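Just so it is clear, none of the values below were taken in a lab; they were calculated from the coordinates. Keep in mind that this is a model prediction, so the values were computed, not measured. Neighbour counts run over all protein chains shown; Cβ positions are idealised from the backbone, glycine included.
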Amino acid sequence: MPYAHRTIVVVGAGFSGTAVAINLLRLAGDEPLRIVLVDRARVARGAAYARSEYPHLLNVPAGRMSATSAEPAEFLAFLRRRLPGASADDFVPRELYGDYLESVLRTAELASPPHVRLDRVHGRVSFIESAREASPVHVHLADGRRLTGDEVVLALGNPAPARLPGVEALWGSSRYIEDPWIAPPAFRPGETVLVVGTGLTMADIVLAGASASASAVVHAISRHGLLPPSQTAFRPRHIESAAPALLRSVPLSMRRLFRLVRALSEDMERRGGDWREAITLVRNVAPTLWRRLPASERRRFLRHARCYWDIHRHRLADRTAAALDELRRKSKLHVHAGRIAGFGVAGGRIRVDWRMRGEERMSTLWVDRVINCTGPDYDARRTRDPLLRGLLSQGLAVADTLGLGLRTGSHGALIDARGSVSDRLYYLGPMLRADHWETTAVQELRGYAERLALHLLAPRRVQPADEPLKPERLLAHEARG
Ligand SMILES: Cc1cc2nc3c(=O)[nH]c(=O)nc-3n(C[C@H](O)[C@H](O)[C@H](O)COP(=O)(O)OP(=O)(O)OC[C@H]3O[C@@H](n4cnc5c(N)ncnc54)[C@H](O)[C@@H]3O)c2cc1C
């Protein structure tokens, strides 16, 4: 009897793409299935869990980092095989998490039935071509190879940061690092560095850079000059029961919502709990809340409250926070609140003109290097990624109007320029925030990955094929273009 084969191409094998592949392998049914996992870098790492000279720590305790929601202790069990004394409250090096993802992917691959196959492809995807009527999607790699899939999942990770305003004078200079994740810089002895941004990226770059040179001095600047607080291993005690009540009573006004979160935090502290629990409570209902908020209130949130939400939501491992405090105590790290007005180059150094928050007077800093740590720029309208630009210019994807990412339907299905929800192109990752808001961390992304895999494997139209699944035939399917 002839049987159909089906190919799902996953572009990007960081946490999100790897988690989709793991779930597809685990959930696959009787239908022959080929999963192609493509990445320009190593599979199961992404920016967060890549191997690194500096032992960057997870900012979430090990007990809350399972990639599988049905097995909340999966990561902890893996960890204990490596570090027998590890506890659920430990903040462990991030590259161990990459090892874990690799191991879970491998286990799922080995346990999958013979008619299910996983191919890892190394390369950069530069263009995706998809006719509107039902036909396969072509995935072009920068080196000329072409893959063909029935469905394609885009799991491209965090976009690059926005270009700093006024940076033209430094353009093309090795003294300006626009995207520190491409090649995290080591600080040089005695140099003065300006880091723009005071969030998690700043923490990573400053600690790794300073470990290379104890004599470097760093100035970190952001509009509010706020550093993320430290994470704790708090045990959520009230959130499960409080969530439905919160959703029933929550005001759909930003100002009142802000006040409510503050009151909840104070209440948690008064009851001997931890304000972080209030943030977790709101985080858990954030997608529902976000969808309910009128556009005007979403805008108000982005303008007035986003930075306070981000700073309290994305916290630092306690050891990371302590290491930053230590640098500040030793005057190796200076944190400023203000706005940069412009950069200039004179006498081999960089002049930074900036205005301290609340002041009219302009100040000047002289530095040797500038590093852009403003974090990902989710505004797809100004993306410089050729793959995303191609999707947008073909009308296969549309940017949301608030500059938060891509428009998606359920399960991350891309919405195209005509407003149709694709049944072949899916997106998974932080740009889901346009429709769901909270989509950055493992806890959220694993849920999206599980639901997307279930959706992709749900009974649907079967495309008949003439011949049984044979590796040679599948390889021939990938024409060299
Ligand atoms: C430094 C850092 C630390 C973090 N720490 C934590 C933490 O402790 N706990 C937590 O819960 N969350 C953490 N996060 C949040 C993190 O975003 C998620 O946990 C998760 O790693 C995001 O996965 P992703 O697959 O969406 O993106 P990524 O992991 O960035 O993966 C995207 C992948 O796509 C590939 N790719 C992109 N474009 C192409 C292309 N055109 N062709 C081929 N391949 C492509 C990239 O090479 C990359 O491997 C951290 C994030 C960062 C940046």
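Once C-alpha pairs closer than 8 Å and six or more residues apart are averaged by separation and normalised to the residue number of region 239-313, the relative contact order reads 38 percent. Shown in residue order for region 285-295 are the 3J(HN,Hα) couplings computed by the Karplus curve 6.51 cos²θ - 1.76 cosθ + 1.60 at θ = phi - 60°: 9, 4, x, 5, 4, 4, 5, 7, 5, x, 4 Hz (x for Gly and Pro). Within region 17-57, name every residue whose backbone N is under 18 Å away from a label modeled 7 Å from Cα of LEU454 along the Cβ vector. Counting only backbone N, you get 19-30.
What the phi angles of region 182-194 give under the Karplus curve with 6.51, -1.76 and 1.60, with θ = phi - 60°, is a coupling list of 5, 8, x, x, 8, 6, 9, x, x, 7, 10, 10, 9 Hz, glycine and proline written as x. For region 103-148 versus region 151-222, the inter-centroid distance based on Cα atoms is 32 Å.
Hey, what number do you get for the chain at 222 nm if only DSSP H runs of n ≥ 4 count, each worth -39500 (n - 2.57), divided across all residues, to the nearest 500? Computed mean residue ellipticity for the chain: -10000 deg cm²/dmol.
Be a star and scan region 270-311 for residues whose amide nitrogen sits under 16 Å from the point 7 Å along the Cα-to-Cβ vector of ALA337. Once the point is set 7 Å along Cα→Cβ of ALA337, 304-311 turn out to lie under 16 Å by backbone N, inside region 270-311.
Restricting to the chain, what percent of DSSP beta bridges are antiparallel, rounded to 5? Beta bridges within the chain, antiparallel portion: roughly 45 percent. Considering only alpha-carbon pairs that sit under 8 angstrom and 6 or more positions apart, the relative contact order computed for the chain is 22 percent.
Each residue of region 163-169 is assigned a 3J(HN,Hα), and the resulting list reads 5, 5, x, x, 8, 3, 4 Hz, derived from the Karplus form 6.51 cos²θ - 1.76 cosθ + 1.60 (θ = phi - 60°), x at Gly and Pro.
Amide H contacts under 5 Å for ALA341: ASP353, TRP354, ARG355, restricted to partners 5 or more places along the chain or on a different chain, H placed in the peptide plane at 1.01 Å from N. Is the shape of region 366-449 best called rounded, prolate or oblate, per the rule: a/c under 1.5 gives rounded, else a/b larger than b/c gives prolate, else oblate, with a ≥ b ≥ c the square roots of the Cα gyration tensor eigenvalues? Oblate. Under 5 Å between amide hydrogens, built in the peptide plane, is the criterion, and for SER126 it picks out HIS140, LEU141, ALA142 among residues at least 5 positions away or on other chains. One chain, two ends: ARG124 and SER215. Fully extended at 0.36 nm per residue, the span grows by 28.9 nm beyond their Cα-Cα distance.
Working from Cα pairs under 8 Å separated by at least six residues, relative contact order for region 273-395 is 11 percent. Database remark: amide H of LEU118 closer than 5 angstrom to the amide H of ILE35 (H placed geometrically; neighbours at sequence offset of 5 or more, or on other chains; Pro and chain starts carry no H).
Between GLU326 and ARG271, the distance separating the two model label sites (each 7 Å from Cα on the Cα→Cβ line) works out to 3.7 nm. Multiplying the residue separation of SER173 and THR107 by 0.36 nm and subtracting their alpha-carbon distance yields 19.2 nm. What the Cβ-Cβ distance of ARG81 and ARG381 gives, at R0 = 56 Å and to the nearest 0.05, is a FRET efficiency of 0.75.
Please list, in order, the residues from region 252-270 whose amide nitrogen is less than 12 Å from a point placed 7 Å along the Cα→Cβ vector of ARG292. Flagged as within label range: 252-253, 257.
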